1. Quote the charge dipole size of the chain about the Cα centre in Debye, to the nearest 20; the model charges only the Cβ of Lys and Arg (+1) and of Asp and Glu (-1).
2. For the chain, report the accessible area per residue in Å² (1.4 Å probe, heavy atoms, rounded to an integer).
3. Can you compute the radius of gyration and Dmax for the chain, using only the Cα atoms, both in Å?
4. At most 16 other Cβ atoms within 10 Å and a DSSP loop assignment: could you name the trypsin sites (Lys or Arg not before Pro) in the range 248-303 that fit?
5. Average projected area of the Cα convex hull of the range 194-315, in nm²?
6. In terms of the ratio Rg/(2.2 N^0.38 Å) built on C-alpha atoms, what value belongs to the range 132-192?
7. Which lysines have a Cα less than 19 Å from the Cα of LYS567, not counting those fewer than 8 places away in the same chain?
8. Under 16 Å Cα-Cα from LYS305, which lysines qualify once same-chain neighbours fewer than 8 residues away are excluded?
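The values are calculated or read from the model by the stated rules, or taken from the named source; none is laboratory data. A quick note: this is a predicted structure, and the numbers were derived from the prediction, not measured. Positions of Cβ are backbone-derived with ideal geometry, glycine not excepted, and every protein chain shown enters the neighbour counts. All accessible areas refer to the heavy atoms of the entire protein, side chains included, with ligands and DNA or RNA removed. Shrake-Rupley method; radii C 1.70, N 1.55, O 1.52, S 1.80 Å.
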Amino acid sequence: MERTRWYKEAAVYQIYPFSFMDSNNDGWGDIPGIISKLDYVRDLGVDAIWFSPLYESPLKDYGYDISDYRKINPIFGTMEDFDRLLEECHARGLRVIMDMVINHTSDQHEWFRKALESPDSPYRDYYIFAKGKKKGDKLLPPTNWQSSFTGTAWERVGDTDDFYLHLFCREQPDLNWENPKVRDEIVDILNFWLEKGVDGFRFDVFNMFSKVYPLRDDTTRQRQKGTMYYVDGPRIHEFVNELYERALSHYDTFTVGESYTPSEADALRYVDEGCRELDTIFDFAHFSSDSIGGLKFFPKPFNMKQFKEGLFGASKKYREKGWSTLVLENHDSPRSVCRFGIDSKKYRYEAATCLAAATFLGFGIPFIYEGEELGLTNTDFRSMDELKDPVSHFVYDLMRSYGIPKGIAFRFIKYGARDHARVPMQWDSSVNGGFNAGAEPWQRVHQDCRTLNAESDLAAGDRSVYRFYQKMLKLRKERKDAFIYGELTEYGREDRRVISYLREGETEGCLVIGNLSKRKVRFTVPDTGVRLGELLLANYPDAPVLPEPGAKILLRPYETLVYGGKK
Ligand code: GLC
């Protein structure tokens, strides 16, 4: 496997700009705020920052609806502020990854506004318009496809017969990638940012760019109707390759695509170094281990087998051809210490660190979401009014329409809401957890923000989650032969409490053990064939020396142990 590309050894930190740091005390995070915290991010030991969208947006989906791809949202600052951010990141050795949301635009984007002006507008063909189907005196949408955000994926244009497609909010019309002009525009946008000096992109829901034509109903029993006609569509590889040839390949970029349930064959092709498409993708298969069908609002008892399969299965496959990612949280997910069957009340530190080691010492690029490095927990939202994410409301309304009582519907929403990840970052014991100087934040703060924050975590010494992450990220680099480039061999695949695997490179081997349960567990030391004399990382103070293979050790709740040795 080629070792020349920088991203292979990198760890990435994700910032959700609305919630990171509010420097001008207007209630919203901003770029000067981010700049003031860059040392904190660098000191964690990451190599790059992925910024959730910083562009101009009417905020129907909080930045994932872009109205101008070349402008910075005034909430965050100006283009000069952005240029300074880029400079300040680079000065600290941090690369900058921009979020690129190009499956759809905002309905306030100039292209869409012009498209709506007249059916003859040349911009009409930038989007996917189609005639509704007449049924008696009713006009039905062109197909039965559903939006990922509930309801039909079609919005009628006034009282005409025309509809436009939106796979997300109705204010996020899908772009027509079949139109070469659209692809020219996108290539220009990518080149605009690459010329500025950004180091790469995270492509939002990229495997939905290509749709099957002619448009048709989904007659399968599929829950979300239509996915078979737009996920990994017929021209997707061609489209992504075009971005690569016309923009990405001209720079030293890194690209990661957010994929929605990709097929195995397609996933392999996206990441295949020989295919000139993307460097890697996110694949959230392991997120289905605690929710029904991956729908985060509907919990199910944690299934460790599925977690392991999702985490290791995909990354092993990708490794044959390209690179992989490791993810526990992002701006769309609740906090990881409140998922996966974890008892975060009693064991927050142990669980956060165990989950981190078990995940991020695997094969791929760790993506760490703001606050995850502090083991932050979910927010105790008290009512729907406190939730800002439109999706929380769409799903709540849907449940209510099925007659689910308010209290129960709210409980489901509270379990899976994206809002948990989006509350203001918790910095210190001052007002609003140090997010700003006291103005009411756009999104309510976490109930414990004045006691559970970066300051308190760093003061916790041996029990600091941040310091554990630091050690772990350092270790990955120091032992890169094993942790970055090494093979991964799993042990006890059927074990429902313990995750254990060997990372083995040409010169060294490292064994990772994590008891992902609140019970004490007897664990049999596997025969790895490597002498593992060194204790490299642990989350309890008095970790044992690793006994001979076959001997048993008693793992404490959420205990994690990492041993290494030269071959
Ligand atoms: C992606 C983003 C999510 C957004 C959606 C539509 O899944 O991560 O935040 O709502 O795409 O752009």
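1. On the way: 78 positive and 88 negative charges, 502 e Å.
It works out to roughly 2420 debye.
2. With all protein chains present, the chain gives 39 Å² per residue.
3. Rg, Dmax (Cα atoms, Å): 23.7, 78.
4. The qualifying sites are ARG276.
5. The number I arrive at for the range 194-315 is 9.3 nm².
6. In units of the globular-protein estimate, the range 132-192 measures up at 1.38.
7. Straight-line reach from LYS567, under 19 Å: LYS477, LYS480.
8. LYS316
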